[in-house]
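Asks: My questions will all concern the structure given below.
The values are calculated or read from the model by the stated rules, or taken from the named source; none is laboratory data. No experiment lies behind these values; they were computed from the predicted model shown. Reconstructed Cβ throughout: ideal geometry from the backbone, glycine too, with neighbour counts over all protein chains shown. Only protein heavy atoms, including side chains, enter the accessible area calculation; ligands, DNA and RNA are left aside. Shrake-Rupley method; radii C 1.70, N 1.55, O 1.52, S 1.80 Å.
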Amino acid sequence: MHKLKELISEEEIQTRVRELGKEISQVYQNEPLIVVCTLKGAFLFFSDLVRNITCPHEIDFVRVASYGNADKSSQTISFTKDIELSVEGKHVLIVEDIIDTGLTMEFLLHQFTARKAKSIKVATFISKKARREKSIPIDFVGFHINDGFIVGYGLDYAEKYRSLPSINEIEI
(Lines give C-alpha, C1' and ligand atoms only; values in the text may rest on other atoms or scores of the structure.)
Protein backbone atom coordinates (compact mmCIF):
# COMPACT_ATOMS: atom_id res chain seq x y z
CA MET A 1 0.00 0.00 0.00
CA HIS A 2 1.27 3.45 -0.90
CA LYS A 3 1.28 6.42 1.42
CA LEU A 4 -1.29 9.06 0.40
CA LYS A 5 -1.55 12.71 1.40
CA GLU A 6 -4.79 14.56 0.63
CA LEU A 7 -4.24 17.73 -1.43
CA ILE A 8 -7.77 18.62 -2.56
CA SER A 9 -10.86 17.55 -0.62
CA GLU A 10 -14.04 16.11 -2.09
CA GLU A 11 -15.92 19.29 -1.07
CA GLU A 12 -13.37 21.55 -2.80
CA ILE A 13 -13.63 19.43 -5.94
CA GLN A 14 -17.43 19.55 -6.09
CA THR A 15 -17.50 23.32 -5.50
CA ARG A 16 -14.97 23.94 -8.26
CA VAL A 17 -16.73 21.62 -10.73
CA ARG A 18 -20.00 23.52 -10.21
CA GLU A 19 -18.16 26.80 -10.86
CA LEU A 20 -16.57 25.41 -14.03
CA GLY A 21 -19.97 24.21 -15.27
CA LYS A 22 -21.34 27.74 -14.87
CA GLU A 23 -18.30 29.29 -16.61
CA ILE A 24 -18.58 26.91 -19.56
CA SER A 25 -22.35 27.43 -19.82
CA GLN A 26 -21.85 31.22 -19.95
CA VAL A 27 -19.25 30.93 -22.72
CA TYR A 28 -21.41 28.77 -24.98
CA GLN A 29 -24.89 29.90 -23.83
CA ASN A 30 -27.24 28.53 -26.50
CA GLU A 31 -24.53 27.39 -28.92
CA PRO A 32 -24.50 23.63 -29.54
CA LEU A 33 -21.46 21.99 -28.03
CA ILE A 34 -19.74 18.62 -28.21
CA VAL A 35 -18.07 17.77 -24.92
CA VAL A 36 -15.35 15.15 -25.38
CA CYS A 37 -14.08 13.10 -22.44
CA THR A 38 -10.55 11.72 -22.51
CA LEU A 39 -10.69 8.23 -21.04
CA LYS A 40 -10.01 6.83 -18.54
CA GLY A 41 -8.78 9.47 -16.16
CA ALA A 42 -11.27 12.25 -16.87
CA PHE A 43 -14.45 10.17 -16.56
CA LEU A 44 -15.38 11.22 -13.00
CA PHE A 45 -14.61 14.90 -13.62
CA PHE A 46 -16.43 14.72 -16.97
CA SER A 47 -19.50 13.10 -15.45
CA ASP A 48 -19.81 15.74 -12.75
CA LEU A 49 -18.97 18.56 -15.14
CA VAL A 50 -21.53 17.77 -17.87
CA ARG A 51 -24.27 17.64 -15.23
CA ASN A 52 -23.37 21.26 -14.44
CA ILE A 53 -23.30 22.48 -18.05
CA THR A 54 -26.68 24.03 -18.87
CA CYS A 55 -26.18 24.88 -22.56
CA PRO A 56 -27.21 22.30 -25.18
CA HIS A 57 -24.51 19.69 -25.56
CA GLU A 58 -23.69 16.24 -26.86
CA ILE A 59 -21.07 13.98 -25.34
CA ASP A 60 -18.45 11.70 -26.82
CA PHE A 61 -15.36 9.85 -25.66
CA VAL A 62 -11.81 9.47 -26.85
CA ARG A 63 -9.00 7.39 -25.49
CA VAL A 64 -5.36 7.97 -26.28
CA ALA A 65 -2.37 5.94 -25.20
CA SER A 66 0.51 7.87 -23.70
CA TYR A 67 1.18 6.77 -20.12
CA GLY A 68 0.77 3.03 -19.61
CA ASN A 69 1.74 1.82 -16.15
CA ALA A 70 4.55 4.28 -15.53
CA ASP A 71 4.87 7.68 -13.94
CA LYS A 72 6.68 9.17 -16.95
CA SER A 73 4.96 10.35 -20.12
CA SER A 74 5.59 8.59 -23.41
CA GLN A 75 6.52 10.60 -26.49
CA THR A 76 4.25 8.39 -28.62
CA ILE A 77 0.55 9.22 -28.66
CA SER A 78 -2.15 7.39 -30.58
CA PHE A 79 -5.90 6.80 -30.46
CA THR A 80 -7.10 3.61 -28.87
CA LYS A 81 -10.71 4.88 -29.14
CA ASP A 82 -11.75 7.72 -31.42
CA ILE A 83 -14.87 9.87 -31.14
CA GLU A 84 -18.00 8.84 -33.03
CA LEU A 85 -19.59 12.28 -33.60
CA SER A 86 -18.51 14.59 -36.39
CA VAL A 87 -16.99 17.81 -35.04
CA GLU A 88 -16.97 19.63 -38.36
CA GLY A 89 -18.46 23.10 -37.93
CA LYS A 90 -19.21 22.52 -34.23
CA HIS A 91 -17.85 23.87 -30.97
CA VAL A 92 -15.76 21.27 -29.13
CA LEU A 93 -14.76 21.20 -25.48
CA ILE A 94 -12.08 18.63 -24.66
CA VAL A 95 -12.25 17.54 -21.02
CA GLU A 96 -8.99 16.18 -19.62
CA ASP A 97 -8.08 14.92 -16.17
CA ILE A 98 -4.58 16.38 -16.01
CA ILE A 99 -2.41 18.36 -18.37
CA ASP A 100 1.17 17.59 -17.52
CA THR A 101 3.62 17.68 -20.45
CA GLY A 102 0.93 18.90 -22.83
CA LEU A 103 1.79 16.28 -25.46
CA THR A 104 -1.58 14.50 -25.34
CA MET A 105 -3.55 17.73 -25.53
CA GLU A 106 -1.41 19.01 -28.39
CA PHE A 107 -2.20 15.77 -30.26
CA LEU A 108 -5.95 16.15 -29.63
CA LEU A 109 -5.99 19.83 -30.62
CA HIS A 110 -4.31 18.97 -33.92
CA GLN A 111 -6.76 16.13 -34.54
CA PHE A 112 -9.88 18.24 -33.96
CA THR A 113 -8.47 21.20 -35.89
CA ALA A 114 -7.87 18.89 -38.87
CA ARG A 115 -11.49 17.74 -38.59
CA LYS A 116 -12.63 21.39 -38.98
CA ALA A 117 -14.19 22.02 -35.57
CA LYS A 118 -15.75 25.52 -35.39
CA SER A 119 -13.88 26.15 -32.13
CA ILE A 120 -11.91 24.04 -29.68
CA LYS A 121 -11.53 24.79 -25.99
CA VAL A 122 -9.88 22.78 -23.26
CA ALA A 123 -11.08 22.06 -19.73
CA THR A 124 -8.71 20.27 -17.40
CA PHE A 125 -9.28 19.17 -13.86
CA ILE A 126 -5.59 19.61 -12.97
CA SER A 127 -2.97 21.76 -14.65
CA LYS A 128 0.51 20.64 -13.64
CA LYS A 129 3.18 22.92 -15.07
CA ALA A 130 6.38 21.42 -13.64
CA ARG A 131 6.90 19.10 -16.62
CA ARG A 132 5.09 21.11 -19.33
CA GLU A 133 6.81 20.65 -22.68
CA LYS A 134 4.16 22.14 -24.96
CA SER A 135 2.55 25.55 -24.70
CA ILE A 136 -1.14 24.85 -25.17
CA PRO A 137 -4.23 26.94 -24.45
CA ILE A 138 -6.16 25.81 -21.39
CA ASP A 139 -9.48 27.63 -21.18
CA PHE A 140 -10.94 26.14 -17.98
CA VAL A 141 -8.79 24.89 -15.10
CA GLY A 142 -10.07 23.16 -12.00
CA PHE A 143 -6.88 23.30 -9.97
CA HIS A 144 -3.20 24.11 -10.45
CA ILE A 145 -0.50 22.00 -8.83
CA ASN A 146 3.24 22.33 -9.20
CA ASP A 147 4.58 18.81 -9.08
CA GLY A 148 4.12 15.41 -7.51
CA PHE A 149 2.27 12.30 -8.57
CA ILE A 150 -1.43 12.49 -7.74
CA VAL A 151 -4.29 10.00 -7.62
CA GLY A 152 -8.00 10.02 -6.95
CA TYR A 153 -11.13 11.38 -8.65
CA GLY A 154 -10.32 9.37 -11.78
CA LEU A 155 -6.54 9.73 -11.67
CA ASP A 156 -4.65 6.49 -11.15
CA TYR A 157 -1.35 4.86 -10.45
CA ALA A 158 -1.17 1.56 -12.35
CA GLU A 159 -5.00 1.47 -12.49
CA LYS A 160 -5.36 1.88 -8.71
CA TYR A 161 -6.86 4.72 -6.63
CA ARG A 162 -9.23 6.12 -9.32
CA SER A 163 -12.28 5.85 -7.05
CA LEU A 164 -10.92 8.03 -4.24
CA PRO A 165 -13.24 11.06 -3.86
CA SER A 166 -10.35 13.47 -3.21
CA ILE A 167 -7.01 14.27 -4.86
CA ASN A 168 -4.05 12.78 -3.08
CA GLU A 169 -0.31 12.86 -3.57
CA ILE A 170 1.12 9.36 -3.66
CA GLU A 171 4.59 8.31 -2.66
CA ILE A 172 5.92 5.81 -5.20
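Asks: What net charge is computed for the residues neighbouring Lys129, neighbours being all others with C-beta under 12 Å from the C-beta of Lys129, Lys and Arg scored +1, Asp and Glu -1? Could the numbers behind the result be given before it?
Replies: On the way: positive: Lys128, Arg131, Arg132, Lys134; negative: Asp100, Glu133, Asp147.
Neighbourhood net charge equals +1.
Asks: Now for a different question. In region 11-164, what percent of the accessible surface is made up of carbon and sulfur (1.4 Å probe, ligands and nucleic acids excluded)?
Replies: Numbers: 3630 of 7510 Å².
Carbon plus sulfur share of accessible area: 48 percent.
Asks: Taking springs between alpha-carbon atoms closer than 10 angstrom, which of Thr15, Thr38, Thr124 fluctuates most in the Gaussian network model of the chain?
Replies: Comparing Thr15, Thr38, Thr124 in a Gaussian network model of the chain, the most mobile one is Thr15.
Asks: Also, I was wondering about something else. Taking the Cα centre of the chain as origin, work out the dipole magnitude from +1 charges on Lys and Arg Cβ and -1 charges on Asp and Glu Cβ, in debye rounded to 20. Before the final figure, lay out the partial values.
Replies: Numbers: 22 positive and 25 negative charges, 62 e Å.
Magnitude of the dipole: close to 300 debye.
Asks: For Leu7, what residues show an amide H to amide H distance below 5 Å, using hydrogens built from the backbone and excluding near sequence neighbours?
Replies: HN-HN under 5 Å from Leu7: Ile167, Asn168, Glu169.
Asks: Between Lys121 and residues 5 or more places away or on another chain, which pairs have amide H atoms under 5 Å apart, with H built 1.01 Å from N, and which residues are they?
Replies: So Lys121 has HN proximity to Val92, Leu93, Ile94.
Asks: Going by Cα centres, region 13-40 and region 123-141 are how many Å apart?
Replies: 16
Asks: Over the chain, give the accessible area per residue in Å² for a 1.4 Å probe, as an integer. Walk me through the numbers before you get to the answer.
Replies: Details: 8780 Å² over 172 residues.
For the chain, the per-residue accessible area is 51 Å².
Asks: Applying 1/(1 + (r/R0)^6) with R0 = 25 Å to the Cβ-Cβ distance of His110 and Glu58, what FRET efficiency is obtained, to the nearest 0.05?
Replies: 0.70
Asks: Charges at C-beta only: +1 for Lys and Arg, -1 for Asp and Glu. How large is the resulting dipole of region 89-160 about its Cα centre, in Debye rounded to 20? Intermediate results must be reported in sequence, preceding the final value.
Replies: On the way: 11 positive and 9 negative charges, 84 e Å.
Here the size comes out at about 400 debye.
Asks: Here's something else I'd like to know. Only bridges whose two residues both fall in the chain count here: according to DSSP, what percent of them are antiparallel, nearest 5? Don't skip to the end; give the middle numbers.
Replies: Values: 12 of 37 bridges.
Restricted to the chain, the bridges split so that about 30 percent are antiparallel.
Asks: Using only Cα atoms and rounding to the nearest 10 degrees, what angle (0 to 90) does helix 10-28 make with the longest principal axis of the chain?
Replies: 20
Asks: Using the basic label-point model (7 angstrom from Cα toward the beta carbon), what is the Glu88 to Arg131 distance in nanometres?
Replies: Label-label distance for Glu88 and Arg131, simple model: 3.8 nm.
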